[in-house]
Amino acid sequence: MTTQPKPALKLFTRYPVAYVLLYNGVTIAHYVLGGIGIVLGYESWFGTILGVLYLVFAFVQMYVLMPVEVCPNCVYYRLDGSLCISGMNIISRRIARNGDPRNFANRARGTLCHNNLYIASLVIPIIAMIPALFINFSLITLFVFIAVIALLAFRFFFLFAYIACIHCRAKAVCPNAKQMKLSSDS
Ligand code: SF4
């Protein structure tokens with residue numbers, strides 16, 4: 001019996017708009033719920049300041065720093081008519097100069113590299129809510145805490161694996177896809 005070769009995975013030059021909306025919807029929901037969880041968790045001026053600082057950090061690293069620092073070196077910046085999974089290649093072309101594809105891996109180099117900021121934006125609210133749950137327990141904070149963890153798991157186990165990285169034209173050179181073993185076509 002002969003085994004049929006697996007069909008090659010489709011790489012998107014333009015991600016379907018539904019995928020882009022899902023990616024950004026999950027990202028924004030994570031940040032907003034995370035910020036709300038911090039504010040509700042501490043119920044004080046301290047929590048409010050922490051929650052607001054977190055929201056500013058999360059949105060700036062994703063929607064300002066990424067199109068300025070990371071996207072100019074990405075293949076989607078240069079591909080005609082392209083739309084990447086975050087849609088940030090469109091913003092990047094408007095606000096940043098063309099970069100160098102050889103520097104794309106720099107996104108994962110150094111302590112303050114964009115990858116670390118991105119991971120921090122996902123993990124900070126979870127870490128920040130743990131003490132709040134001990135000091136000032138409430139069911140609503142617990143619910144938000146669980147929801148943010150669920151969004152994180154959804155991102156890593158479904159969004160990256162089946163929607164984003166798996167169809168990405170940059171995955172062969174992307175350190176994130178390599179780390180998640182999603183960089184090959186099979
Ligand atoms: S492989 Fe994944 S993390 Fe890397 S650029 Fe593509 S979508 Fe982004």
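Structure notes:
- Carbon and sulfur %, accessible surface of segment 69-162 computed with the full protein complex present, 1.4 Å: 69
- Grouping the Cα pair distances of segment 53-186 into 5 Å bins from zero gives a pair-distance distribution of 2, 10, 16, 20, 20, 13, 8, 6, 3, 1, 0 percent in increasing distance order.
- Helix-only CD estimate at 222 nm, as mean residue ellipticity for the chain, using -39500 (n - 2.57) per DSSP H run (n ≥ 4): -17000 deg cm²/dmol
- Rolling a 1.4 Å probe over the protein heavy atoms of segment 8-51, with every protein chain left in place, gives an accessible area that is 77 percent carbon and sulfur.
- Simple Cβ-charge dipole of the chain, Lys/Arg +1 and Asp/Glu -1, about Cα centre, in debye nearest 20: 740
- Each of 141, 27, 39 was scored by the projection of its Cα onto the charge dipole of the chain, and the greatest displacement toward the positive side belongs to 27; charges sit on the C-beta of Lys, Arg, Asp and Glu.
- Probe 1.4 Å, accessible area per residue of the chain, Å²: 56
- Solvent-accessible ranking of 69, 43, largest area first, probe 1.4 Å: 43, 69
The values are calculated or read from the model by the stated rules, or taken from the named source; none is laboratory data. Keep in mind it's a predicted model, so treat the numbers as computed, not measured. Using ideal geometry, Cβ is built from the backbone for each residue, glycine included, and neighbour counts are taken over all protein chains shown. What goes into the accessible areas is simple: the full protein's heavy atoms, side chains included, and nothing from ligands, DNA or RNA. Shrake-Rupley method; radii C 1.70, N 1.55, O 1.52, S 1.80 Å.
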